[in-house]
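Step one of this worksheet: look at the structure below.
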Amino acid sequence: MDKLPRYRVEYAKGQPVAYISHLDLAKTLERAARRAGLPLALSGGFNPHPKVSFGSVLPVGITGEHEYLDVELLSELPPQELKARWQEKLPPGLELREVRLVPTNAPALMSVIDCARYHVRVALLTSNTPDEIQTAIQKILAQESLVIERDSKKGVRQVDIRPGILALAGRIDNGRLDLDMLLRTGSQGNVRPEEVIQAIKHYAGLSVQTEGWRITRTGLYIGADKLVSPLELTS
Amino acid sequence: MGGLRLPLRSILTDQILSKVTKPTRYIGTEWNTVHKSWEKTPVKMAFAFPDLYEVGMSHLGLRILYGLVNEQPDFLLERVFAPWVDMEEELRRRGLPLFSLESYAPLREFDLIGFTLQYEMSYTNILNMLDLGQIPLRSADRTNDDPLVIAGGPCAFNPEPLADFIDCFVIGEGEEVLLEILGAIRELKSSRPGRPDRAVLLRRLAKIPGVYIPAFYQVAYGENGQVEEVKAREPMVPPRVIKRVIADLDRVYFPTRPIVPFMEIVHDRIMLELFRGCQRGCRFCQAGMIYRPVRERSPEILRRQAEELVKSIGYEEMSLTSLSSGDYCAIESLIKQLLNDYEKDGISISLPSLRIDSFSVNLAQEVQRVRKSGLTFAPEAGTQRLRDVINKNVTEDDLLQATNAAFAAGWSAVKLYFMVGLPTEERADLDGIADIALRVADLGTSWQKRGHIKKRIQVTVSTSCFVPKAHTPFQWEGQDPISVLQEKQDYLRQKLRDKRITYNWHDPSLSFLEAVFARGDRRLGRVLTAAWQKGCKFDSWSEHFKWDYWMAAFAECGLDPVWYAQRRIPYSERLPWDHIDSGVSKRYLQREHEQALAGIVTADCRYDACTGCGVCPTLEVDVQLKGGGQTAALSR
Ligand code: SF4
């Protein structure tokens, strides 16, 4: 049997759907595809389900600007048509940015994505000068290890996140701290943006509000040195 | 007014949603939601479901009314559900009001709040939602600045326990009445600025058939605490309020673009409503009495609705719903057609409720192509004697044949529903339950040995406790004391010790309260208030059920719950709901009760002659069988 056509989709998950879980997101996309009448390829078995695979799970509450999924269809459709028909059936907050046909033997998204860029906005409880912010960030980057507490199923563990912080920059804006961070993700180690803030509080002594954080994942990449997006990989 | 809406949405998304469990319950932008202009729509209604989002969103009535009202240019309808305790805490802590999901509008900004009454144990949630919505709890305390609070649904057939809190009840099928109510509000709103005058509005609504306004009726009690008289206080209100009913289901509105929730809900599937009503005549069943007569939808219309639903929803499962879907006249051909239409798209078909006797081997094999979820049968009682008492016209052979067919077709899991505490129940009837369960399990094992079934055989036996309900032949019966119900469950637990059998039972103390409110009168409003003040809510969620608070509330109000639940009421006594007319005559109910005690069954007017329940002549409607005649034979 010939391999089925496979498409890579770049999409954004904004508000208010940032609060739906990964599982619900998958279902929402599938149902929208059904409403759009897309010729979805189905897996076998008693409860057949569409062959959709995701790049990297986005935690609940975080918006994502460049997220990825692969989907297989039974027959080929022009990527533009696929995008337009699917988009029309999606609830507000979900936006398809680009669709490309990918080689059927392209490696699974999950296995290649290894770093993520985040933008974080959090209110400062103290008034700091821009210089103090820069010093704090330098201090973080200069540490050899940054040990934080991570909740896992087995209880709270001590984890060193320093190796997973690939880049960190920040500035102050209207009493808020704006951070850009490039963090390792996937099977080679995973750091969450909240953990970086935890480290900043602990190691650099900046005092920030505990609620009302705005976190956006602005990109997912392959190869921390070259920052190739999963879409670029296809061409 | 209106200023709070925008900040509410941003406060919620920025500060609250990340702190509560399942924030998806409160998002309100699901596919197919309707967001109408708040400013430009003259009459605004909130549909309030007094339970969680995932329970309420599974309710067909909400889907119907949501579509129906929002299709009218002058009206809008938005949803509000009971917030889970963590959300309630966040709202109360910040002094924020309960809000609708579409506009994030505070509850009290609506013209009309409509509660649906699906089960008695949601009543405290109604009080809690009104309070969170900053609306006075008691109807008598509301002013022209407050919304009108209405309620409908099956429990409205005994509205009395909620009479203090609800301004007006809708008796019967809501889609028949609601637009008339909204129209009246619109009319009055156009004649004067702001909200209509409450007194004028209520008088106007009292003229609509099927609308019951408790404030216009006065109740007198007798020496023994029984209701003696319910008297109309105003000349224009009817002595009895008669149920509204849809004459032709093919011509009534049906929503083909229902909301598609993000999160998993209780019934996460397309619902195709085959018919309303059920004339099987089980003597404990309130739905079987209050939704009479049977009215089927024609297969052509159902197929058209299915097609539109598939396109607009995108679900992977379609469920054929009704009180007993296997009774639909053309059930086999309908299932075949739907399978042919949708199997290729990976959409499965399921039948939620199967009557044992209408479940032919044929159907089992047909449904085999369909989703292999568990099959459910409800023999209700363990012996033929007791099944005759309750008029469940099925035999043990029927059940064994049906489960046999199911195992042969490859099912490994079967669920059996029974009731304990039914009138005249004896030890032998409990033994019968255990007997049936074991025989079914043995059937499964024999098919397993023949290699038909790979998985473990699973027989789930669930027993609920009998609750005497208003408008049924058993409305005069008393409920077993809690301790007796407990003993019966213990006895069954002993007898059902078998690896293949799982035994589930309902909490008898919850069924006890259900019986109190199912047969209750107006005085129970005080108990509801007291229980809610002590902290009762989400009573049907076992982790929230607070028995002690309830008992303290009864004691405080000087009312005896045992008197309400366990008393056998004489036929001569006036019932608290006698002024609500379901169309089924009291004479018929009494005759059915007498037949029950004599162990005499009554036939089903779907297949046999009219049995004289009175609903057709009283409401001027007919039984309508539209699925074609071929399947009457199926049930034999
Ligand atoms: S009046 Fe007769 S035909 Fe009509 S529902 Fe009752 S028993 Fe059936």
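Numbers for the structure displayed
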| quantity | calculated |
| --- | --- |
| Rg in Å to one decimal, and Dmax rounded to a whole Å, for the stretch B:95-180 via C-alpha atoms | 12.7, 38 |
| Spatial extent of the stretch B:1-98: Rg and Dmax, with the Cα atoms as the point set, Å | 14.0, 37 |
| With DNA, RNA and ligands ignored, accessible area of A:D178 (1.4 Å probe; Å², nearest 10) | 10 Å² |
| C-alpha long axis of helix B:524-534 to longest principal axis of chain B, angle in ° | 80 degrees |
| Peptides A:29-37, B:125-133 ordered by average Cβ neighbours within 10 Å, highest first | B:125-133, A:29-37 |
| Isolated Cys residues of the protein assembly as shown, judged by Cβ distance under 4.7 Å to other cysteines | A:C115, B:C155, B:C168, B:C278, B:C329, B:C465, B:C536, B:C557, B:C605, B:C610, B:C613, B:C616 |
| Percent carbon-and-sulfur accessible area, the stretch B:514-583, ignoring ligands, DNA and RNA, probe 1.4 Å | 52 percent |
| Calculated P(r) of the stretch A:122-221 - Cα pairs past 24 Å, % | 20 percent |
| Fully extended contour minus Cα-Cα distance, from B:K499 to B:K231, at 0.36 nm per residue | 90.7 nm |
| Cα-projected label distance for B:Q533 with B:K311, points at 7 Å along beta-carbon direction, nm | 5.6 nm |
| Accessible surface of the stretch B:204-275 [probe 1.4 Å, protein heavy atoms]: carbon and sulfur percent | 47 percent |
| Volume per residue that the Cα convex hull of the stretch A:9-126 spans, once the total is divided by residue count, Å³ | 123 Å³ |
| Estimated Rh, the stretch B:1-54: Kirkwood, alpha-carbon pairs, angstrom | 13.4 Å |
| Long-range Cα-Cα pairs in the stretch B:232-336 (distance over 23 Å), rounded percent | 41 percent |
| For the stretch A:13-148, accessible area per residue (1.4 Å probe, heavy atoms of protein chains only), Å² | 44 Å² |
| Total charge dipole magnitude, the stretch B:165-308, about the Cα centre, Cβ charges on Lys, Arg, Asp, Glu only, Debye to nearest 20 | 340 debye |
| Rg/Rg_ref, the stretch A:166-235, where Rg_ref = 2.2 N^0.38 Å and atoms are Cα | 1.29 |
| Solvent-accessible area, 1.4 Å probe, carbon plus sulfur percent, for the stretch B:391-456 | 49 percent |
| Residue mean of other protein chain beta carbons inside 10 Å, A:17-23 | 6 |
| Set of lysines with alpha-carbon distance to B:K231 below 22 Å, sequence-local pairs under 8 removed | B:K207, B:K243, B:K586 |
| Taking the C-alpha atoms of the stretch A:144-195, convex hull volume expressed per residue in Å³ | 101 Å³ |
| Distant alpha-carbon pairs in the stretch B:375-450 (separation over 14 angstrom), percent | 58 percent |
| Alpha carbon centroid spacing (whole Å) that separates the stretch A:164-235 from the stretch A:58-96 | 24 Å |
| B/A buried area, accessible surface, summed, 1.4 Å probe, Å² | 2300 Å² |
| For the protein assembly as shown, size of Cβ-based charge dipole, Lys and Arg +1, Asp and Glu -1, in debye | 800 debye |
| Normalised convex hull volume, the stretch B:485-636, alpha-carbon set, Å³ per residue | 224 Å³ |
| Dipole-positive endmost among A:A116, A:G93, A:A142 within the stretch A:78-148 (Cβ charges, Cα centre) | A:G93 |
| Solvent-accessible area per residue for chain B (1.4 angstrom probe, square angstrom) | 37 Å² |
| Vicinal HN-Hα couplings computed from phi for the stretch B:567-573 (Karplus, 6.51 cos²θ - 1.76 cosθ + 1.60; Hz; Gly/Pro x) | 6, 8, 8, x, 4, 6, 6 |
| Rounded tilt (10° steps) of B:174-191 against the dominant C-alpha axis of chain B | 10 degrees |
| Distance histogram for the stretch B:135-234 (every C-alpha pair counted, 5 angstrom bins, percent rounded to whole numbers) | 2, 12, 21, 23, 20, 12, 5, 2, 1, 0 |
| Cα centroid separation - the stretch B:444-482 against the stretch B:496-570, whole Å | 22 Å |
| Degrees, to the nearest 10: B:123-132 long Cα axis against longest axis of chain B | 30 degrees |
| About the Cα centre, charge dipole magnitude for the stretch B:281-354 (Lys/Arg +1, Asp/Glu -1 at Cβ), debye | 380 debye |
| Compactness of chain B as Cα Rg over 2.2 N^0.38 Å, two decimals | 0.96 |
| Kirkwood-Stokes translational diffusion coefficient of the protein assembly as shown, alpha-carbon pairs, 4 °C, 1.567 mPa s, µm²/s | 43 µm²/s |
| Positive-pole candidate from B:V241, B:V200, B:T256, dipole of the stretch B:184-258, charges at beta carbon | B:T256 |
| Binned Cα-Cα distance frequencies in chain A - 10 Å width, integer % | 7, 29, 31, 20, 10, 3, 0 |
| For the stretch B:434-561, radius of gyration divided by Kirkwood radius, i.e. Rg to Rh on alpha-carbons | 1.13 |
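The values are calculated or read from the model by the stated rules, or taken from the named source; none is laboratory data. Keep in mind the model is a prediction, meaning the values are calculated, not measured. Neighbour counts run over all protein chains shown; Cβ positions are idealised from the backbone, glycine included. Protein only, heavy atoms only, side chains kept; ligands, DNA and RNA dropped before computing areas. Shrake-Rupley method; radii C 1.70, N 1.55, O 1.52, S 1.80 Å.
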